[in-house]
Amino acid sequence: MRTRLLQDPADAAAVLRDGGLCAIPTETVYGLAARADAADAVRRVFKAKGRPGDNPLIVHLGDAGEADGVAHVTDVGRALLDAFAPGPLTVVLPARPGLPPGVTAGLDTAAVRVPAAPLALAVLGATGPLVAPSANRSGRPSPTTWQAVVDDLDGRIDAVLQGPPTDVGIESTVVDATGETPLVLRPGAVTLDALRELFPDARTVDAGAEAARRSPGVRHRHYAPRARVRLVTSADRAEPAPEAAWIGLSEPPRGYAQATVCDDADDYARRLFDAFRRADRAGLGRIDAEVVPEVGIGVALMDRLRRAAQA
Ligand code: TXA
Ligand code: MG
């Protein structure tokens with residue numbers, strides 16, 4: 001298959017309406033989009049990514065009002081969508097029957113999200129609901145540029161909509177809204193503190209059994225470059241080497257093959273996955289990643305860094 005590079009969201013929408021697979025930019029990461037109502041297209045998404053069949057997909061909507069078409073919108077879910085959509089938030093709700101089986105991966109819930117990126121909204125406005133997992137090969141870091149999508153999926157999907165690098169750089173906050181209070185399954189740019197302004201009892205799912213049951217994605221290897229990721233507490237702990245890369249807020253000592261020095265935690269989140277991929281392209285064996293305080297986006301950033309370091 002030849003993967004077409006597109007500039008016009010109308011062309012991307014045409015590919016998708018025909019049942020094709022097209023990667024699109026969102027404000028978090030690039031997503032591999034397909035019609036949420038087409039079982040065959042949904043199956044092809046799993047195949048193109050090499051995604052385990054037990055990991056459900058997020059249904060992306062052009063407008064929060066469309067959520068009722070795929071899910072039973074709970075009061076908690078409604079409040080979250082009112083407050084944070086469009087934006088980097090995914091809400092898990094009781095599913096309506098009739099979705100293609102791959103969308104829910106056999107669960108009785110469906111995840112919905114209204115992305116904020118103008119290109120994504122332009123596509124969604126012309127297609128209706130789209131599934132869109134991150135547009136990487138399963139297990140690789142999520143793509144924050146269209147070039148990263150091409151590196152992973154060239155020849156496996158119909159098209160890529162070329163947009164700017166993504167703004168947030170890490171995936172959306174996933175919140176279970178099936179119960180009385182929101183439960184964070186995956187931290188992201190919408191922070192627990194922001195959720196607690198609406199729901200003081202909001203909490204993050206406990207690691208272990210509860211997480212595995214409610215959040216299939218956490219069972220799988222994630223966000224990992226080929227290089228080994230080592231967490232370092234400060235530049236004093238740096239070990240520069242010609243086969244190593246550095247990423248962090250501090251200036252490292254000389255001697256790293258690549259050094260990414262970020263302005264703040266937001267900038268770090270924005271640049272992290274691209275730095276992982278750049279180290280892999282250069283064949284480096286190690287990435288030293290400086291830890292950040294776990295406040296604001298720092299919580300999500302440390303979640304991704306720890307997963308990468310465990311892999
Ligand atoms: O920012 C994002 O969310 C990006 C962009 C493209 O929108 N998408 C994304 O999709 O990260 P993906 O498939 O890579 O991650 C979706 C996460 C997985 O951890 C999955 O297990 C979880 O959401 N998820 C999806 N449906 C779920 C459900 N019904 N219940 C619990 N978790 C669910
Ligand atoms: Mg993903």
Has the range 239-248 got any residue that is out of contact with any Ser or Thr (no Cβ under 8 Å at 6 or more places or on another chain), within 16 Å of ligand 2 (Cβ to nearest atom) and not in a loop (DSSP other than H, G, I, E, B)?
no
Please determine whether any residue of the range 246-259 is of a type in the set (D, E, K, R), over 17 Å from GLY139 (Cα atoms) and not assigned by TED's automatic domain parsing to the domain that holds GLY106.
yes
I need the strands (runs of 3 or more DSSP E) fully contained in the range 1-76, keeping only those with at least 3 residues that are within 16 Å of ligand 1 (Cβ to nearest atom) and crowded, with 18+ Cβ neighbours inside 10 Å.
22-25, 30-35, 58-60
Condition test on VAL29, is it in contact with an Asp or Glu (Cβ under 7 Å, 6 or more places away or on another chain), under 28 Å from ARG196 (Cβ atoms) and of a type outside the set (Asp, Glu)?
yes
With the requirement that a residue be within 16 Å of ligand 2 (Cβ to nearest atom), of a type in the set (Val, Ile, Thr) and under 14 Å from the mean Cα position of the chain (by Cα), what does the range 136-176 give you?
THR144, THR145, VAL149, THR166, VAL168, ILE170, THR173, VAL174
Mind listing whichever residues of the range 220-245 are among the hydrophobic types (A, V, I, L, M, F, W, C) and within 19 Å of ALA311 (Cβ to Cβ)?
ALA224, ALA227, VAL229, LEU231, VAL232, ALA244, ALA245
The residue that is nearest to ALA227 (Cα to Cα), considering only those in the range 249-280 that are touching a residue at least 24 places away in the same chain (Cβ under 8 Å) and of a type in the set (D, E, K, R), is ASP280
I'd like to check which strands (runs of 3 or more DSSP E) are fully inside the range 107-222 and have at least 3 residues that are within 27 Å of PHE276 (Cβ to Cβ) and acidic (Asp, Glu).
none
Among the residues of the range 167-189, which ones are crowded, with 24+ Cβ neighbours inside 10 Å and in contact with a Phe, Trp or Tyr (Cβ under 7 Å, 6 or more places away or on another chain)?
GLY169, PRO182
Look through the range 253-311, keep the residues that are part of a loop (DSSP other than H, G, I, E, B) and hydrophobic (A, V, I, L, M, F, W, C), and return whichever of them is farthest from VAL174 (Cα to Cα).
ALA257
Near pairs, Cβ below 9 angstrom, 6+ apart or cross-chain, from the range 191-211 (within 25 Å of ALA265 (Cα to Cα)) to any residue that is among the acidic types (Asp, Glu) and part of a strand (DSSP E or B)
VAL205/ASP176
Within the range 215-235, identify whether any single residue is outside the structural domain of LEU119 (by TED's automatic domain parsing), touching a Ser or Thr at 6+ places or on another chain (Cβ under 8 Å) and of a type in the set (Ser, Thr, Tyr), and answer yes or no.
yes
Going through the range 56-72 in order, the residues found to be of a type in the set (Gly, Ala, Ser) and within 18 Å of the chain's Cα centre (by Cα) are GLY62
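Conditions tested, residue by residue: (1) at pLDDT below 95; (2) hydrophobic (A, V, I, L, M, F, W, C); (3) surrounded by fewer than 22 Cβ atoms within 10 Å (Cβ to Cβ); (4) in the same structural domain as ASP37 (by TED's automatic domain parsing).
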| site | (1), (2), (3), (4) |
| --- | --- |
| ALA110 | no, yes, no, yes |
| LEU119 | no, yes, yes, yes |
| GLY128 | no, no, yes, yes |
| SER134 | no, no, no, yes |
| ARG137 | no, no, yes, yes |
| PRO143 | no, no, no, yes |
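The values are calculated or read from the model by the stated rules, or taken from the named source; none is laboratory data. What you are looking at is a predicted structure, and each value in this text was computed from that prediction instead of being measured. Quick reminder, even Gly has a Cβ in these numbers, built from the backbone with ideal geometry, and neighbours come from all protein chains shown.
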